[in-house]
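Participant: One structure, pasted below without further comment.
None of the figures in this text is laboratory data; all of them are computed from the coordinates on show. For clarity, every value in this text was computed on a predicted model and none was experimentally measured. Ideal geometry is used to build each Cβ from the backbone, glycine not excepted, and the neighbour counts take in all protein chains shown.
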Amino acid sequence: MCLTKKCYFALFLFISFLAFPQESQTDDSYYDSINIQAGYQLNFEGPNDRNFHLLDVGIHKLRYGGRHGSGFQYGISTEIGLNTESFILGPKVTGLIYYQILVLGNELVTYTDFDSWSLRYVPIFGIGGNGFSLTLRPQVILTNDNFKPVNKIGAHLSAVIPLFKEKMTRN
């Protein structure tokens, strides 16, 4: 058997073993939790001649669970410019939907340097779940097109730290 066929066969066996259940009893329960979110965003592709790094900190309410691992999250947070020309804050409201590893959502961000501001709508696409997400976030400028403190596309990595978690009861 040639090397390529052996590699395909080994890959097939590896994927087959991953299909076996890992637990004897799966957890189909639903949970409510309140979390602190910490994230990093690489902001690129835009009017500025360099990339920007943003820190994202917030608090979110998350409801998740079920057989296939789905849920939704909403909350408030703030983006803080780490290497911007002036001190930039971006308070925002976020809503996300999770289904297995797919993450979809949107947010409304207001970037300000306390002299000027810009409101932006941000659709969210990526992978993740109830504990982490890696998303792509293009920005649509809604107001003050002349104020460009950050670029138009962001790659965002975030993790949530549970503060409070409660198992929901079914009625």
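Participant: Sort Val150, Val160, Val103 so the one with the fewest other Cβ atoms within 10 Å of its own Cβ comes first.
Facilitator: Placing the least packed residue first, the sequence is Val103, Val160, Val150.
Participant: Report, in debye and to the nearest 20, how large the dipole of the range 30-165 comes out about its Cα centre when Lys and Arg carry +1 and Asp and Glu carry -1 on their Cβ.
Facilitator: Once rounded to the nearest 20, the dipole reads 560 debye.
Participant: Let me ask something additional. Divide by every residue of the chain the summed helix terms, -39500 (n - 2.57) for each DSSP H run of at least 4, and state the resulting mean residue ellipticity at 222 nm, rounded to the nearest 500 deg cm²/dmol.
Facilitator: Result for the chain: -3000 deg cm²/dmol, rounded to the nearest 500.
Participant: List the lysines whose Cα sits under 18 Å from the Cα of Lys61, skipping any in the same chain fewer than 8 residues away.
Facilitator: Qualifying lysines at Cα under 18 Å: Lys92, Lys165, Lys167.
Participant: Among all stretches of the chain without exposed trypsin sites (Lys or Arg not before Pro) (DSSP loop, at most 14 other Cβ atoms within 10 Å), which one is longest?
Facilitator: That gives 68-169 as the longest site-free run.
Participant: With the dipole of the range 30-165 worked out from charges on the C-beta (+1 for Lys and Arg, -1 for Asp and Glu) around the Cα centre, which of Val109, Ile141, Gly131 lies farthest toward the positive end?
Facilitator: Gly131
Participant: Go ahead and set up a Gaussian network model of the chain, Cα springs under 10 Å, then flag whichever of Pro138, Pro47, Pro123 fluctuates most.
Facilitator: In the Gaussian network model the winner is Pro47.
Participant: If neighbour count is taken as other Cβ atoms inside 10 Å, put His60, His53 in order from fewest to most.
Facilitator: His53, His60
Participant: Right, something else. Whole-Hz Karplus ³J(HN,Hα) for the range 147-152, in order, using 6.51 cos²θ - 1.76 cosθ + 1.60 and θ = phi - 60°, x for Gly and Pro?
Facilitator: 8, 10, x, 9, 7, 8
Participant: Return the long-range amide H neighbours of Leu142 (sequence gap of 5 or more, or a different chain), with a cut-off of under 5 Å between placed amide H atoms.
Facilitator: Here Leu119, Arg120, Tyr121 satisfy the definition.
Participant: Using only the Cα atoms of the chain, build the gyration tensor, take square roots of its eigenvalues as a ≥ b ≥ c, and label the shape rounded, prolate or oblate: rounded if a/c is under 1.5, else prolate if a/b is larger than b/c, else oblate.
Facilitator: Verdict is oblate for the chain.
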